[in-house]
Each structure stands twice: as structure tokens, then as C-alpha cells.
Amino acid sequence: MKPPVSKLSSIFRWPEGFICDRCGHRKSYHLDARPRIFECAACGRQHSVTAGTIFHKTRTPLRKWFCAAYLIGHDKRGVSALFLSKELNLRYESAWLLAHKLRHALTERDEFRLADFIEVDETFVGGRRQKGNRGRAHGDGKSLVVAAVEKVLPPKGKKGVKGQAHRAGNARLAVIDAATADVLGRFIRKNVTEKAWIISDGWRGYRDLDEFHHIPVIQGSGAMAGTNMPHVHILFSNLKAWLIGTHHGVSAKHLPRYLREFNYRFNRRGMRGELDSFVLKRAVSRSTITLDQLTSGEHAEGAD
Ligand SMILES: [Zn+2]
């Protein structure tokens, strides 16, 4: 007998039990022949368990979706589309689409902001930073990524990193066009609470942060950067290792969606073994994204 996958999805869709959209009735009929449909016992309205979710109209069996969510959530580093295609016996294109739809579901809510002490810096991903090129548009295949990382006191009995008194808290990442004061200011205002302490380097893009306490750390060499802002630099090196190690490098077009996944994982790195159910819950609570939107890189950023 097959496991009741559609029953499982109905639990995510209606955590309090079935409720009819039209009449509010709580009882439904469920036909084995159409496992994704729940019919209201009172008015007969048919509800698709996958409507309005990223699983809508998928031809891939829900069982494979759930396995993929489990694999993506269960592995600390996540998995590639190639891995999913082999494990779940899917065409690479289907596995890619499925992985990106699940990744699309992993987005931090805007109302959640970073607070207190925040390290902020930018880096180029997919290429080398050119000296003096920081404020301008960048060259082929390189994306400029900005990150803000909370600097927090470690829990009692634990140590900070690199001999420091602190460790990293939550983070926010984004792809930006250029490291101008306008763009960096917008990123910080969107993601950081007022009156927080911003720790950055001496780059002129970090001026005009009047509503924050700002600590620009002027540093002579790249080597010093690691001591002044250790957490954001560790995050950048982990990000680059993850993009290459797990995903074998990613295109600039889809980088924002990978950043979401990385960010989501980073902020939940203390939650062992629970991310798989998070992936599913987020997946059913978000509106869908089409193949066209995915391949064009549309909706790669922002809340939806
Ligand atoms: Zn009804």
C-alpha cells in the first residue's frame, strides 16, 4: 500500500483539519482516484491540496517532492539538482525546477530585522574584485553580494570565533548592482533595526547612516579585515565554498535564489534535523513560481 502522501499534504494545507473555502464545513470526502482533491461533504466544492502552493499542477509525484524537501532540508549543506535527479530518478531539468521551487520557498520575512551589533561588507562572487572598481558596475559573470551579520555574545560556556568574545548571530544577504551609498543604505535600512551599531570598513558607500551608530574601521590591508570583521568574512568564505562545493558554481542570474537558501540555512544552523519540515511548511505557504519566471531569473529577489 502506498503511503498517504496527499493526506500528509492536507495536514500542511489545513493544519487545523479540512475547512471548506465556500461554506466553512469541516468534513471532506477524499477519492483514491484523485488523491490531490478534497471534496466538501456539505456543498461539494472541490479543493486541490496543491492549489496555491509550489506543488500546483506538478507532474512530479508529491512523494518525490517530499523526498526532495527532506534531502534538501536534512543535509547541512543542501544538495544539488544533479544529486536530486539521481536519487529520485528524475530528469535533470525536472530536478532543477523542483530544487529551485523549493529554494524559492526559503525566504526570510521582511519584518524580521537584525539588531544590536552588525558587521556589514560586500564581496564579489564568481570573480575577482578589481581594485578601485567597487562603486562601479562590474564585469562578466561577477556578482556583488552584500552581507550583514549580527555580532552576538556566545551562550554561556561557549567561545567566540578567532579568539574573539563574539560569535555570529543572524545574517542577511543580497545581490546588489553597485556598492554605492544609496544601494548600501537601502540594504541596511531594510534589514537592520534603527539605533543598531553598524561595523563596516572605511568605504564611502557606508556614509549617510545617521540613524544608526556607525563604526567605520579603517584598515590598511585585506589581512586586517579578518580581525576587524571576522563574522562577515567567515560567512563570505563559507558562501563561496558552498556555491562551489554543493552546487558546482552557479550563474549570476540564479545567484539571488541560492543566496536565499544559504541565508535561510545560516540563520537556522543551530536547528539540527528540523529544516526538512521547515522546507515543506514554507513550500506550501508560499505562492507558486512558474518555470518561465524561474528561468528568466524573475522573482529571484524580494518577498515574492
Ligand atoms: Zn463546503
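Overview of values
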{"quantity": "Accessible area per residue, Å², segment 1-122 with all protein chains present, probe 1.4 Å", "calculated": "56 Å²"}
{"quantity": "Dipole of segment 166-221 [Lys/Arg +1, Asp/Glu -1 at C-beta], most positive-end residue of 184, 202, 169", "calculated": "169"}
{"quantity": "Projected label distance in nm at residue 281 and residue 14, using a 7 Å step from Cα toward the beta-carbon", "calculated": "2.0 nm"}
{"quantity": "Label-reachable residues, segment 76-97, where backbone N falls under 12 Å from a point 7 Å from residue 63's Cα toward its Cβ", "calculated": "none"}
{"quantity": "Area of residue 234 that stays accessible when all protein chains are in place (1.4 Å probe, Å², to 10)", "calculated": "60 Å²"}
{"quantity": "Long pairs among 64/281; 101/156; 151/281, criterion Cα-Cα beyond 27 Å", "calculated": "101/156; 151/281"}
{"quantity": "Part-to-part distance (alpha-carbon centres) for segment 157-218 and segment 8-86, which is given in Å", "calculated": "40 Å"}
{"quantity": "Residue 190-residue 251 pseudo-label distance in nm [points 7 Å out on the Cα-to-Cβ vector]", "calculated": "2.3 nm"}
{"quantity": "Assigned charges on the beta-carbon of Lys, Arg, Asp, Glu; segment 64-105 dipole about Cα centre (debye)", "calculated": "60 debye"}
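The values are calculated or read from the model by the stated rules, or taken from the named source; none is laboratory data. Source: prediction; values computed, not measured. FYI the Cβ positions are ideal-geometry reconstructions off the backbone, even for glycines, and counts take in every protein chain you see. With ligands, DNA and RNA removed, areas are computed over all heavy atoms of the protein, side chains included. Shrake-Rupley method; radii C 1.70, N 1.55, O 1.52, S 1.80 Å.
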